[in-house]
Ligand code: GTQ
């Protein structure tokens with residue numbers, strides 16, 4: 001909120017507090033391959049339209065009623081919604097609501113930097129024209145159906161660019177009630193590109209999970225370091241590597257990382273919901289992803 005007094009969204013273009021990994025200082029990296037930040041947009045502001053090769057995800061943390069626009073369609077934000085900005089698509093953010101809105105940005109900036117494949121450009125106007133009614137992408141692709149003709153509008157990226165929390169949450173709660181929970185993950189689902197069944201973006205996988213009340217998870221490790229955003233509830237994460245071990249308590253709107261190949265376990269006495277993302281699809285495409293459930 002103090003950044004909101006210091007600079008406008010228009011001046012900043014993107015007003016973001018970068019979440020810095022203390023082991024990767026000055027590199028705008030939350031893991032070796034990924035970037036994370038918290039973006040603030042105040043009522044009446046516009047974060048002007050631009051595009052870049054880097055794919056972005058937005059996970060709405062606080063406030064509601066701001067929007068992002070992609071492909072001429074706006075998506076209005078509610079807490080817990082997962083929104084995609086596909087690679088090289090023009091996007092602008094705005095806030096016509098009465099209060100501030102904050103979301104988690106997840107981008108593949110360090111990965112694209114490593115590959116030396118970055119491009120970016122500004123649009124000629126601050127906001128793109130709205131050419132499609134809100135919700136038409138979800139109606140076309142988000143109901144286990146797809147258009148009879150036509151191809152993927154965003155290439156390798158999902159044609160759904162807003163996955164509303166309401167629907168994902170309902171799925172997790174139904175499964176919590178009516179199906180056995182996994183001993184490591186609780187009830188965990190991955191978001192999909194409905195046209196392929198794969199990850200919603202070529203470089204990032206995203207997940208939503210519910211830990212039932214009293215959950216005391218088994219330990220696992222995986223080569224994709226993962227960034228977590230706590231949506232609801234409280235819990236604890238225990239992270240170990242070699243002789244070192246750290247325990248973190250978390251609650252709503254907290255963020256934490258489980259780094260690559262660190263052993264982790266999650267627990268929650270009252271139950272919680274966690275969003276997370278990682279570079280798993282890149283590792284899987286290269287045939288190098290590893291996971292161990294202990
Ligand atoms: O919203 O397009 O956190 O371009 C960093 C770079 C967000 C964005 C970030 C960006 C954006």
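Readers should treat all values here as calculations from the given coordinates under stated rules, not as data from a laboratory. Only a predicted model underlies this, so the values are computations on that prediction, with no experimental measurement involved. Neighbour counts run over all protein chains shown; Cβ positions are idealised from the backbone, glycine included.
Numbers for the structure displayed
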{"read-out": "Percent RCO, i.e. relative contact order, over the chain, from Cα pairs under 8 Å lying at least 6 residues apart", "value": "15 percent"}
{"read-out": "0 to 90° range, to nearest 10: angle between helix 165-178 axis and the chain longest Cα axis", "value": "20 degrees"}
{"read-out": "Cα centroid separation, region 152-186 to region 278-294 (Å)", "value": "20 Å"}
{"read-out": "Inter-centroid distance (Cα atoms) of region 193-258 relative to region 124-140, Å", "value": "32 Å"}
{"read-out": "Amide N of region 74-88 lying under 13 Å from the label point, which is placed 7 angstrom from the Cα of residue 130 along Cα→Cβ", "value": "74-77"}
{"read-out": "Inter-site label distance for residue 261 and residue 178 at 7 Å from Cα along Cβ, in nm", "value": "4.2 nm"}
{"read-out": "Choice from 265, 169, 247 showing the highest fluctuation, given a GNM over the chain with Cα pairs closer than 10 Å", "value": "247"}
{"read-out": "Three principal axis lengths of the chain [C-alpha, angstrom, descending]", "value": "54, 46, 41"}
{"read-out": "Virtual spin-label span in nm between residue 151 and residue 46, 7 Å along Cα→Cβ", "value": "3.3 nm"}
{"read-out": "Footprinting exposure proxy for 231, 13 (fewest neighbouring C-beta atoms within 10 Å first)", "value": "13, 231"}
{"read-out": "D_trans [Stokes-Einstein, Kirkwood Rh over alpha-carbon pairs] for region 62-203, 4 °C, 1.567 mPa s, µm² s⁻¹", "value": "76 µm²/s"}
{"read-out": "Fully extended contour minus Cα-Cα distance, from residue 269 to residue 213, at 0.36 nm per residue", "value": "19.6 nm"}
{"read-out": "Approximate spin-label separation residue 140-residue 234, in nm, with each point projected 7 Å along Cα-to-Cβ", "value": "4.5 nm"}
